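Engineer: The following block contains the structure, expressed as structure tokens.
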Amino acid sequence: MERVSGAAMQELDDEGLGWFSRRLPWGSYGMLARASISAPNLGVALQRWCRHHGLIVDDISLKLTTTGDQAKLTITENADLKALREFCLVSVLRNFHGLACWLIDSRMVLQGAQFPFPAPEHQDVYSVLFPCPTVFEMGAASISFDAHYLALPLRRDESALQLMLTRALPLTVLQYRRDRLLVQRVRQALIAQPTDTHSAEDLATLLAMSSRTLHRQLKEEGASLQSLKDEVRRLRAQELLLRTERPIKQLAQATGFKNEKSFIRAFRGWTGLTPADYRRKGGF
């Protein structure tokens with residue numbers, strides 16, 4: 001299929017294979033990738049991709065947004081894509097996702113995908129292309145993922161780009177295997193296994209790495225183990241304060257503090273309020 005698709009694109013001189021009202025001459029997506037590869041991080045690179053994509057295509061618009069810890073790429077349809085609508089929307093999202101993974105040399109885990117058309121008869125294949133919760137008949141086509149990926153630096157250069165462009169099509173289909181977003185794995189471990197992650201050594205063992213590697217990789221991703229612990233503890237404490245009536249002493253133990261005093265001091269540092277004041281006010 002890679003050879004067939006590549007031959008069709010070259011024969012038609014259209015990398016869009018008829019998706020759009022005008023052709024995308026052979027090399028168009030390579031040009032977009034080249035314009036993004038000098039970006040300092042993935043977020044800037046993808047914003048460039050969206051902006052430059054609009055310069056060569058009028059039929060759709062791409063928009064990258066972030067809300068809290070979630071990032072989303074949304075496709076707005078500016079023209080009737082007709083019979084090739086599904087082919088176009090699926091391919092554009094996979095192109096975006098595949099390139100993003102390649103730029104940071106990391107599997108970018110998807111949190112969700114949605115499409116505006118009814119579920120097709122072949123909907124089972126969507127679990128291969130989009131291994132995440134997928135819904136149909138839900139507004140504009142989009143994929144969402146952890147916004148922390150956007151801060152990762154690009155790991156590719158011009159020579160790597162030239163090599164990739166000779167075999168670019170598999171990126172639009174195959175899932176990237178390597179996952180460099182250690183921040184996400186650490187956060188999930190702290191939430192799911194709080195009793196097994198008290199120390200850096202315990203956490204590193206759980207993640208099958210050394211504590212030194214753990215600290216180094218977190219630093220490369222702009223985070224620290226202590227900041228992630230504080231984040232998880234804070235969110236857990238806020239949830240328990242608002243959703244339960246458990247005494248403060250019990251909440252201190254439930255969130256991993258040795259005593260109530262240290263819990264109160266930490267919570268005031270996070271929020272500016274004592275746990276009792278936070279509960280009384282119903283949050284911020």
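The values are calculated or read from the model by the stated rules, or taken from the named source; none is laboratory data. Quick caveat, the model's predicted, so the values are computed rather than measured. Counting neighbours? That spans all protein chains shown, and the Cβs are built from the backbone with ideal geometry, glycine included.
Engineer: Hey, can you tell me all the residues within the stretch 253-265 that are surrounded by 16 or more Cβ atoms within 10 Å (Cβ to Cβ), modelled with pLDDT under 90 and not aromatic (Phe, Trp, Tyr)?
Structural biologist: Residues satisfying the conditions are 254, 255, 256.
Engineer: OK, next. Being surrounded by fewer than 16 Cβ atoms within 10 Å (Cβ to Cβ) and modelled with pLDDT of 90 or more is the requirement here; does residue 247 meet it? Give the steps one after another, and end with the answer.
Structural biologist: Values: surrounded by fewer than 16 Cβ atoms within 10 Å (Cβ to Cβ): yes; modelled with pLDDT of 90 or more: yes.
So residue 247 passes the test.
Engineer: Taking residue 71, is it part of a helix (DSSP H, G or I), buried (at least 18 other Cβ atoms within 10 Å of the Cβ) and of a type in the set (Gly, Ala, Ser)?
Structural biologist: Values: part of a helix (DSSP H, G or I): no; buried (at least 18 other Cβ atoms within 10 Å of the Cβ): yes; of a type in the set (Gly, Ala, Ser): yes.
No: the conditions fail for residue 71.
Engineer: Return the total of residues in the stretch 132-147 being surrounded by 13 or more Cβ atoms within 10 Å (Cβ to Cβ) and either at positive phi or in contact (Cβ under 8 Å) with a residue 40 or more places away in the chain (or both).
Structural biologist: 8
Engineer: Consider the stretch 76-94. How many of its residues are in a strand (DSSP E or B) and touching a Pro at 6+ places or on another chain (Cβ under 9 Å)?
Structural biologist: Selection size over the stretch 76-94: 1.
Engineer: I need a count of the residues in the stretch 197-223 that are surrounded by fewer than 14 Cβ atoms within 10 Å (Cβ to Cβ) and among the small types (Gly, Ala, Ser).
Structural biologist: The qualifying residues number 4.
Engineer: Let me ask something else about it. Does the stretch 41-58 contain at least one residue that is surrounded by fewer than 16 Cβ atoms within 10 Å (Cβ to Cβ), closer than 17 Å to residue 151 by Cβ, within 21 Å of the chain's Cα centre (by Cα) and modelled with pLDDT of 95 or more?
Structural biologist: yes
Engineer: Another question, if that's okay. Would a scan of the stretch 105-116 turn up a residue that is under 18 Å from residue 223 (Cβ atoms), free of Cβ contacts under 8 Å to residues at least 12 places away in the same chain and within 18 Å of the chain's Cα centre (by Cα)?
Structural biologist: There is no residue in the stretch 105-116 that is under 18 Å from residue 223 (Cβ atoms), free of Cβ contacts under 8 Å to residues at least 12 places away in the same chain and within 18 Å of the chain's Cα centre (by Cα).
Engineer: Let me ask something else about it. Would the stretch 134-152 turn up any residue that is part of a loop (DSSP other than H, G, I, E, B) and more than 25 Å from residue 76 (Cβ to Cβ)? If you could, list the steps in order and put the result at the bottom.
Structural biologist: Residues of the stretch 134-152 that are part of a loop (DSSP other than H, G, I, E, B), as a first pass: 137-140, 152.
Of the ones still in play, those that are also more than 25 Å from residue 76 (Cβ to Cβ) are 152.
The answer is yes; a qualifying residue exists.
Engineer: Also, quick follow-up: Anything in the stretch 243-284 that is assigned to a helix (DSSP H, G or I) and among the aliphatic types (A, V, I, L, M)? List them, or say none.
Structural biologist: Matches in the stretch 243-284: 248, 251, 252, 254, 264, 266, 276.
Engineer: Can you confirm whether the stretch 210-233 contains a residue that is modelled with pLDDT of 80 or more, assigned by TED's automatic domain parsing to the domain that holds residue 260 and outside any helix (DSSP H, G or I)?
Structural biologist: yes
Engineer: Regarding the stretch 172-183, can at least one residue be identified that is in a helix (DSSP H, G or I), over 18 Å from the mean Cα position of the chain (by Cα) and surrounded by 15 or more Cβ atoms within 10 Å (Cβ to Cβ)? Before the answer, list the steps.
Structural biologist: First, the residues of the stretch 172-183 that are in a helix (DSSP H, G or I): 172, 182-183.
Narrowing the set further to residues that are over 18 Å from the mean Cα position of the chain (by Cα) leaves none.
No, because not a single residue in the stretch 172-183 is in a helix (DSSP H, G or I), over 18 Å from the mean Cα position of the chain (by Cα) and surrounded by 15 or more Cβ atoms within 10 Å (Cβ to Cβ).
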